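Data block below; observations after.
Bear in mind that the values in this text are calculations on the coordinates, not laboratory data. Just so we're clear, the structure is a prediction, and the values are computed from it rather than from any experiment. Backbone-built Cβ (ideal geometry, glycine too); neighbour counts: all protein chains shown.
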Amino acid sequence: MVDMIDVKKKSVRGVVSYAFRTLALQAIGFVATLLLGYYLSPADFGIYFIVTAVIGVFTFLSDIGLAAALVQKKEEPTREDLQTTFTVQQGLAFTIFGATILLTPFWKTYANLDTEALWLLYALGFSFVLASLKTIPSILLERKLEFTKLVFPQIIENVLFYSIAVALAASGFGVRSYTIAVLARSIGGVIAIYFIQSWPIGFAFSKKALHNLLRFGAKFQLNDFLARIKDDLFIVVIARFIPATQMGYLSWAKRWSMFPYQFSVNSIMSVTFPTFSRLQEHPDKLKRAIEKSMYFVTLVIFPVLVGLCVLAYPMIGIIPKYQKWLPALPALYFFCINIAFAALSTPLTNTLNAIGKINQTLKLMLMWTGLTWTLTPLAVMMFGFTGVAVASAVIALSSVATIWMVKKYVRIKTLDQIWRQAFASLAMGAAILLVQNIFHVGLVEVLAEIVLGGLFYLVLLLITGKKKLFFELESIKPFFVKG
């Protein structure tokens, strides 16, 4: 029997915990990215982008969907379920690490990876082994909706990664900065999560348990496999035709466009899959949870994306050494369009997975994979490396299909959750651009535009939807009170 009050309390607190975690990590990541962009060359960024894409191709093998199946499972997982999942994942993790090393000649000839890039690849490959150790503790915490406890290991990992990467980059280590930082992050994460949620590690293999989990997990992982083909494998292929420096521009632009996504969407999505899974037999509660997640995601991400687009150019102009990133700005604008639509589609695809409609998600992923491999090469021929971002923005428009699919199962009201935020954000962006055309823009002016733009957005939001805003805020307030 699902305790609805308990689910709501833990879910809301989880979102807030993830939001505060993400705020802290985004602040660290923001400063770290500024510093890495200062110390590293576009080519260094490009190498990291290519290598992470290479290793990302193997990610779909890391758990064949068993972890998601354990989270989604209605009944409590048995010890046999947990140990079978752990055993299978350990085998897969070592297989990935071994394949990473054995394919070294291929990486050298096809991906044009030099020695430093290969060591980074090996470090990322070994991180699969360490990550597999964290899976069961994470599943146990997610099933209990103990999201606040999941925050601590992620903070440890990111602080280790960014602090070491920046320190080494400042010392002239180049790509090697990432290699050492990746290893430190992986080791720190394992130690931290076992400090919070240990479990009696054991090996077992049950064909019955594996079969039951794979009925959902295999389809879930096939979905991830298609995502890897769509994103990571495509980056590996396209890197054959785009120089490392231009790949660096793409990496820089995508990294900055992802900051708003990581803060808003990731904070909520980390909670929604296990929460929606618990609510799958309560359609009215599920409907309200989906609508609430869409409202709060767009409340934050829309103004931040618009602000990023209108302030990126003057911000780069303030720091002379940062002007090397000017060619990346058009790609940044198009990636931001992609992220805006992803903010809408991600909660909805999460919903389909949580209620067991994984076949619908597979259809969406097949469509997006086909569009990516078809439209992106054409866009690159027309617009150069910026075409990768242009194609991503065009393809993102098809995300409206997720709304139609979800409405077949849950009668959500989408437009009412997003139109106020969209209008206020676009009006805010227009106002900031008008100010920039009138006044000289320096550091003080940019900071003033951020503050005034935020106030302008809030005023417009109150004018167009004061009742809606206060209603949504009031609806979550009781769940911060313990008891």
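What whole-number distance in Å separates the alpha-carbon centres of the stretch 373-399 and the stretch 98-175? Their Cα centres are 29 Å away from one another.
Applying 1/(1 + (r/R0)^6) with r as the Cβ-Cβ distance of N437 and L35 and R0 = 25 angstrom yields a FRET efficiency of 0.20.
Fully extending the segment from L452 to F203 would add 83.8 nm, taking 0.36 nm per residue of separation and subtracting the current Cα-Cα distance. Can you give the local net charge around F173? Use residues other than it whose beta-carbon is closer than 15 angstrom to its beta-carbon, Lys and Arg +1, Asp and Glu -1. Charge balance in the 15 Å sphere: -2. In terms of overall dimensions, the C-alpha atoms belonging to the stretch 361-483 reach 51, 44, 28 Å along their principal axes, ordered largest to smallest.
Remark: spin-label model distance E472-L326 equals 3.9 nm, labels positioned 7 Å along the Cα→Cβ axis. Quick one: grab the alpha carbon gyration tensor of the stretch 241-483, order the square roots of its eigenvalues as a ≥ b ≥ c, and give me rounded if a/c is under 1.5, else prolate or oblate depending on whether a/b is larger than b/c. Judged from the Cα gyration tensor, the stretch 241-483 comes out oblate (a/c at least 1.5, b/c at or above a/b).
Full extension of the chain between T78 and M382 gives 104.0 nm of extra length, using 0.36 nm per residue less the Cα-Cα distance. Just to confirm my numbers, what's the Cα centroid distance between the stretch 292-349 and the stretch 429-460 in Å? The distance from the Cα centre of the stretch 292-349 to that of the stretch 429-460 comes to 16 Å. Distance between the modelled labels on T104 and R288, one decimal in nanometres: 5.9 nm (7 Å Cα→Cβ projection). When only Cα pairs below 8 angstrom with a gap of at least 6 residues are kept, the stretch 241-483 shows a relative contact order of 27 percent. Applying 1/(1 + (r/R0)^6) with R0 = 30 Å to the Cβ-Cβ distance of W373 and A43 gives a FRET efficiency near 0.70.
Is the shape of the stretch 82-216 rounded, prolate or oblate, going by the alpha carbon gyration tensor and its root eigenvalues a ≥ b ≥ c, with a/c under 1.5 for rounded and a/b larger than b/c for prolate? It is oblate, given that a/c is not under 1.5 and a/b is not larger than b/c. Across the cross-link table entries K287/K357; K363/K467; K254/K357; K144/K357; K144/K285, which are compared at the Cα atoms, the separations over 26 Å belong to K363/K467; K254/K357.
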